[in-house]
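Reviewing the structure listed below.
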Amino acid sequence: MEHAETVGAVRSEFFDGYWRRSILCGRVEEVMAGAEVRVNGWVRRRRDLGGIIFIELWDYTGPVQVVFNPSAGAGDVHERAGDLRSEYCIAVRGRVSLRPEGTENPTIATGNVEIAADDFLLLSLSEPLPFEVGDATDRVEENLRLTYRYLDLRRERMQYNLRTRAKLYFFTRSYFANNGFVEIETPMLTKATPEGARDYLVPSRVNPGTFYALPQSPQIFKQILMVSGFDRYFQVAKCFRDEDLRADRQPEFTQVDVEMSYVTEDDVMALTEGYLKGLFREILDAAVPTPFPRMEYWDAIDLYGSDKPDLRVPMKLVDLGPVFAESGFEAFCEILKAGGVVRGLPLPGGALMSRKELLGVEEKAKKLGASGLAVFQVKEGDLKGPLVKFLSEDDQARLRQSAAIGDGDALFVMGDASRLKACTVLGTLRLELARAHGLINEKAWAFLWITRFPLFEWDEEEKRWTSVHHPFTSPVLEQLPLMESDPGRVAARAYDVVLNGSEVGGGSIRIHDPAVQARAFACLGIDPEEAKERFGFFLEALSYGTPPHGGIALGVDRLAMLLCGGQSLRDVMAFPKTQKAQCLLSQAPDAVEESRLAELRIRCLPVENPAARSNSSTPTPDQREGP
Ligand code: ASP
């Protein structure tokens, strides 16, 4: 075949063994000097220096420099190389050589070598780019990145992220298989499984008027698999939750889903610790000490103001009730007398904060629901602050001692009728202040377990008890009698695993007795009729010799994000959705033709305010079809 004929044009039909890469770009090494190689990839940078053309050719292993010298190469290779533009896809044949002394580039793996091109084949042109693909930073506006996701994914960072995520899958499958787990897929088209969110519904054409739900989790099926004798099940499971998206949520996400029979909390926790320890060693070569510390839910709230405390932050909340109960500051005395709390947040180095900064913190506290925030600072040995005048010398000393504050520190104090509110407001400030004052140990991997969550919480809007986890979670056995008499006090056999202030997984020991399950439904206001209709098949399954069982689900997206040092879940998902649950690349969700709706026996009501529904350029059905 005469390859020189391909001059100037895209002639990818000539792509064959003559052009197919013999080596990946990033793998060209000094020891190969003199060897003939073929590389395939994208043109990144092109520089013309004194008649010599340099390009950076890139594939997923990184860049290599290719040199087109006017005096070398076949025919008009050098002239054609002058037409190469960013992201043209080419195949190059050439010879490896060492870069001349002084022109090495220590920032890349192939920085000591280059390929002197003999010839190249143009495989594809590229339109002018919407953004610089070779840019290592994330400066490009995210919606643009998402619209042209295929180009965004060519960036080194995204390549690294998705390849790291793939390693996570690989490790996960080998870990669980090596521990005797069976991977079983559960259906995507299924019946609702309550996990506290809305279901995505899929209309059934062959059963008109009925709907499948996409799974919020495989919860019911994995428990049924325990009834079936698959003692150790796992799945890398896609889950769907139709929620108003908060900053780091996605409508579809992935969990490592696990269930085991004949286990207690300790077994599930030990297995999970082994998994996470192995994963962090495998991917980051990081040593994570196990077992992880365990903390009960209310201790976490009291000490950190959060059920997912970030232990990289040194400050802990303190109970200042005993200090203020007898003090001269009446507002706090009254709160305490009425059964409320006064809690404090010390801030090392906080004495240097200006009045303006302190006011900013108070503002923030108020936004979070506090009626006020008191502040103390210790300056040159003296306690300062508007409330000092209400405190005796003795109280002041006790305050400093209880909060363990010394010279140079500050202390924020809040009183409230609700223990949960006081703690969570201070807990939020704890994180913000730690961030602002550089008090987070960024190098640490701080894992811990949170246990003994409440089983139920009161939903003020719906005026009923709801599950904190899901309705299949077992109560702590000795508290069973409280289920009817005092549901708010029942603790769950549930556990969350938290890493650096993010929940990365959660699970529980389940109810395996159908009678207890029926009682749990009753507490949740699900009457037997409704329970039968929604979960009858499951309750019946439980009645056929169900082993005690429990499990956990770990959030793959969040774990991958933390492992990659990403800022958002979108950074570790190939094709994520925006906060409006849209895919900017494919423009989903989309309107469908009337005829398709008709065969599903569905008619759409007009959308009152189409503008509010969409922020993308996707035409809404109304715009398409006229009023
Ligand atoms: N199904 C639960 C969830 O998705 C986890 C579990 O209890 O195993 O959060």
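The values are calculated or read from the model by the stated rules, or taken from the named source; none is laboratory data. Small disclaimer: the values here were computed from a predicted structure and weren't measured. Every residue, glycine as well, gets a Cβ built from its backbone with ideal geometry; the counts of neighbours run over all protein chains shown. Just the protein is used for accessible areas: all its heavy atoms, side chains included, with ligands, DNA and RNA removed. Shrake-Rupley method; radii C 1.70, N 1.55, O 1.52, S 1.80 Å.
Largest to smallest in accessible area, the residues Trp458, Trp19 fall in the order Trp458, Trp19 (1.4 Å probe, all protein chains included).
Using just the C-alpha positions of the stretch 97-221 as equal point scatterers, what log10 of I(q)/I(0) does the Debye formula give at each q in 0.15, 0.20 1/Å? With no solvent term, the Cα-only Debye profile gives -1.06, -1.16. Database remark: amide H of Arg464 closer than 5 angstrom to the amide H of Asp459 (H placed geometrically; neighbours at sequence offset of 5 or more, or on other chains; Pro and chain starts carry no H).
Fully extending the segment from Asn179 to Asp459, taken as 0.36 nm per residue of separation minus the present Cα-Cα distance, adds 96.8 nm. Is the shape of the stretch 466-520 rounded, prolate or oblate, going by the alpha carbon gyration tensor and its root eigenvalues a ≥ b ≥ c, with a/c under 1.5 for rounded and a/b larger than b/c for prolate? Since a/c reaches 1.5 and a/b is larger than b/c, the shape of the stretch 466-520 is classed as prolate. The GluC sites (Glu not before Pro) of the stretch 420-465 that DSSP puts in a loop, and whose beta carbon has at most 16 other beta carbons within 10 Å, are Glu442, Glu460, Glu461, Glu462. On a per residue basis, the chain carries 49 Å² of accessible surface, using protein heavy atoms and a 1.4 Å probe.
Pull out the extension gain between Leu24 and Ser204, defined as 0.36 nm times the separation in residues minus the alpha carbon to alpha carbon distance; nm, one decimal. 60.0 nm is the gain from fully extending Leu24 to Ser204.
Each residue of the stretch 580-597 was assigned a 3J(HN,Hα) from its phi angle through the Karplus curve 6.51 cos²θ - 1.76 cosθ + 1.60 (θ = phi - 60°); the sequence is 8, 6, 10, 9, 6, 6, 8, 6, 7, x, 9, 6, 10, 5, 3, 5, 6, 5 Hz, with glycine and proline shown as x.
The listed peptides 585-598, 108-121, ordered by packing as a protection proxy, come out as 108-121, 585-598 (highest mean of other Cβ atoms within 10 Å first). When both the stretch 519-534 and the stretch 253-277 are represented by their alpha-carbon centers, they are found 29 Å apart.
Taking the alpha-carbon centroid of each part, what is the distance from the stretch 433-453 to the stretch 188-211 in angstrom? Spelled out, the Cα-based centre of one part sits 39 Å from the other. Between amide H atoms placed 1.01 Å from N, distances below 5 Å from Glu296 occur with Thr451, all of them 5 or more places distant or on a separate chain.
Principal semi-axes of the equivalent ellipsoid, √(5λ) from the alpha carbon gyration tensor of the stretch 379-479, are 37, 20, 14 Å from largest down. Once the C-beta distance of Leu585 and Ser485 is scaled by a Förster radius of 56 Å, the resulting FRET efficiency is 0.55 to the nearest 0.05. I need the shape label for the stretch 48-146. Rule: rounded when a/c is under 1.5, else prolate if a/b > b/c, else oblate, with a, b, c from the alpha carbon gyration tensor. Here the stretch 48-146 falls in the oblate category. Computed on the stretch 231-310, the Cα convex hull volume stands at 160 Å³ per residue.
Centre-to-centre, using Cα atoms only, the stretch 319-390 and the stretch 108-141 are separated by 57 Å.
Take the Cα of Ser371, step 7 Å toward its Cβ, do the same at Ala9, and the gap between the two points is 8.3 nm. Can you tell me how the stretch 269-319 classifies by the Cα gyration tensor, rounded, prolate or oblate, using a/c under 1.5 as the rounded cut? Taking the square roots of the gyration eigenvalues as a ≥ b ≥ c, the stretch 269-319 is prolate. Percent of Cα-Cα pairs more than 40 Å apart in the chain, please. Across the chain, Cα pairs with separations above 40 Å total 48 percent. Here the chain exposes an accessible surface that is 52 percent carbon and sulfur, computed with a 1.4 Å probe and the other protein chains kept in place.
Which of Pro203, Asn40, Gly321 sits farthest toward the positive end of the charge dipole of the chain, with +1 on the Cβ of Lys and Arg and -1 on the Cβ of Asp and Glu? About the Cα centre, the residue reaching furthest to the positive side is Asn40. Rg over Rh for the stretch 257-392 works out to 1.12, using Cα positions for both radii and the Kirkwood form for Rh. Per residue, the chain reaches -8500 deg cm²/dmol at 222 nm when only DSSP H runs of four or more residues are counted, each adding -39500 (n - 2.57).
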